[in-house]
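Reading through the structure tokens given below for one structure.
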Amino acid sequence: MVRARLLISGIVQGVGYRWSCRREAQGQGLTGWVRNLPDGRVEAAAEGEAEAVQRFERSIRHGPRGARVDDVDVYDDLPAGLPGFSVR
């Protein structure tokens with residue numbers, strides 16, 4: 001079990017990006033959350049099997065139609081045993 005914290009930059013607010021993250025995380029069997037930040041970025045925390053977290057990271061580099069991901073910073077974190085995956 002691993003956890004990653006991700007900071008996503010680009011056109012990622014107001015385009016359904018958080019909801020696409022949630023769908024992808026649930027499809028990978030991950031738990032965690034995703035939220036908008038005041039500076040226009042999106043922050044996410046995802047935890048689960050290492051390969052599933054890596055697949056999630058790769059997939060969110062594209063986002064939904066209308067989004068443009070310029071950068072994704074990934075930080076390792078300690079798993080917190082979160083239930084489900086929420087949009088905050």
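Within segment 59-78, work out how many residues are surrounded by 12 or more Cβ atoms within 10 Å (Cβ to Cβ) and among the hydroxyl-bearing types (Ser, Thr, Tyr).
1
Give segment 53-83 a look and list any residue that's assigned to a strand (DSSP E or B) and either among the β-branched types (Val, Ile, Thr) or in contact with a strand residue (DSSP E or B) (Cβ under 6 Å, 6 or more places away or on another chain) (or both), or say none.
Start the filter on segment 53-83 by keeping residues that are assigned to a strand (DSSP E or B), which leaves 68-77.
If the condition is that a residue be assigned to a strand (DSSP E or B) and either among the β-branched types (Val, Ile, Thr) or in contact with a strand residue (DSSP E or B) (Cβ under 6 Å, 6 or more places away or on another chain) (or both), then 68, 69, 70, 71, 72, 73, 74, 75, 77 are the ones that fit.
Select from segment 1-54 the residues that are modelled with pLDDT of 95 or more, exposed (fewer than 14 other Cβ atoms within 10 Å of the Cβ) and among the hydrophobic types (A, V, I, L, M, F, W, C) and write down the one among them that is nearest to residue 71 (Cα to Cα).
Checked segment 1-54; the qualifying residue nearest to residue 71 (Cα to Cα) is 37.
The values are calculated or read from the model by the stated rules, or taken from the named source; none is laboratory data. Fair warning: this is a prediction, and the values are worked out from it, not measured in the lab. Ideal geometry is used to build each Cβ from the backbone, glycine not excepted, and the neighbour counts take in all protein chains shown.
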